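Trainee: Handing you a structure now.
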Amino acid sequence: MDCIFCKIVQGELPSKKVYEDDHILAFHDINPIAPVHVLVIPKKHISSLMEIQPEDKELIGHLHLGLQKVAELTGVNQDGFRVVTNIGKHGQQTVFHIHYHVIGGRQLQWTM
Ligand code: 5GP
Ligand code: ZN
């Protein structure tokens, strides 16, 4: 499968890792939109939020605890941050391996 995030998981493409365990990986976005912009992914290939299956419930819960860890490791837990997952065309998803953007380190606005 030609998935860049699977290649990052397998070490075939480089990444700047923030956190890793058996099930998830967090790494800096290559094109950050804020001082902190980290992507958190499951190592298992799931193409988007809409493809999460009932058997993935524990994994997705674990990933959410990973979001907390990433917030603490990057310091954005102090002043707050945003978690975003883009889905499909209108969501402007460009990489079809589910990922959660952790964005912070500056005041964010809410305009779409
Ligand atoms: P999406 O638009 O699918 O929600 O987000 C994909 C994100 O992945 C973008 O923010 C983009 O900058 C990032 N990205 C794309 N390719 C790479 C890569 O090879 N390495 C890293 N670290 N980030 C990437
Ligand atoms: Zn993948």
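Trainee: Give all pairs with beta carbons closer than 9 Å in which a residue from region 4-15 that is touching a residue at least 40 places away in the same chain (Cβ under 8 Å) and closer than 13 Å to HIS28 by Cα meets a residue that is more than 8 Å from ligand 1 (Cβ to nearest atom) and in a loop (DSSP other than H, G, I, E, B); count only pairs at least 6 apart in sequence or on separate chains.
Mentor: From residues that are touching a residue at least 40 places away in the same chain (Cβ under 8 Å) and closer than 13 Å to HIS28 by Cα, the pairs are PHE5/HIS45; PHE5/HIS97; PHE5/ILE98.
Trainee: Here's a follow-up. Taking the options LEU13, LEU25, name whichever one is within 16 Å of ligand 2 (Cβ to nearest atom) and either of a type in the set (Gly, Ala, Ser) or in a strand (DSSP E or B) (or both).
Mentor: Details: LEU13 fails: either of a type in the set (Gly, Ala, Ser) or in a strand (DSSP E or B) (or both).
Being within 16 Å of ligand 2 (Cβ to nearest atom) and either of a type in the set (Gly, Ala, Ser) or in a strand (DSSP E or B) (or both) holds for just one of LEU13, LEU25, which is LEU25.
Trainee: Among the residues that make up region 62-79, is at least one of them without any contact (Cβ under 8 Å) to a residue 12 or more places away in the chain, part of a loop (DSSP other than H, G, I, E, B), in contact with a helix residue (DSSP H, G or I) (Cβ under 6 Å, 6 or more places away or on another chain) and under 19 Å from TYR19 (Cα atoms)?
Mentor: yes
Trainee: Give the number of residues within region 1-38 that are surrounded by 14 or more Cβ atoms within 10 Å (Cβ to Cβ), of a type in the set (D, E, K, R) and within 14 Å of the chain's Cα centre (by Cα).
Mentor: The number of residues fulfilling the criteria is 2.
Trainee: Right, something else. Given the conditions (1) assigned to a loop (DSSP other than H, G, I, E, B); (2) more than 11 Å from ligand 1 (Cβ to nearest atom), report the number of the one that PHE96 does not fulfil.
Mentor: Condition (2) is where PHE96 drops out.
Bear in mind that the values in this text are calculations on the coordinates, not laboratory data. Fair warning: this is a prediction, and the values are worked out from it, not measured in the lab. FYI the Cβ positions are ideal-geometry reconstructions off the backbone, even for glycines, and counts take in every protein chain you see.
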